[in-house]
Amino acid sequence: MRKRLFPILGIIAMLTLCLASVAMAEDIVLEAEVQSVSSLTTKNGAPYVRIIVVETKTLAGANYTVGTPVMAFRDMASKAEKYSAGDILKAIVSPREFQGKSSYLLRAVLK
């Protein structure tokens, strides 16, 4: 019985440490200038909109601007396609990171 208990407890401890290290990102309010808007379709044929917004970031004391995508799916796609280059997007978004690149998922558009 003890021979089985220790490996099981070890596995549970490892899983707990792995799951505890995953940080859950909170939604944020994003207010940024729209650089471009693209209306596209997924491989399943569902429409989505990719808005590229201009963000200013700082690294080692140097300021630089980056185009960051804001992805809008389902019902948010119709609201997002109303924007054009030069508009100011004010929205609630969820930050995401994929392959070292940051992006946002559009949750709600604010007026």
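What follows is calculated from the coordinates using simple rules that are stated; it is not laboratory data. Because the structure is a prediction, the values reported are computed rather than measured. Reconstructed Cβ throughout: ideal geometry from the backbone, glycine too, with neighbour counts over all protein chains shown.
Worth pointing out:
- Cut-off 19 Å, label 7 Å out along Cα→Cβ of residue 31, residues of the stretch 81-111 by amide N: 83-84, 86-95, 106-111
- Peptides ranked, highest mean first, by Cβ atoms within 10 Å: ranges 49-56, 37-44, 85-92: 49-56, 85-92, 37-44
- Taking the stretch 26-109 and dividing mean pair separation by its residue count, relative contact order in percent (alpha carbons under 8 Å, at least six apart): 34 percent
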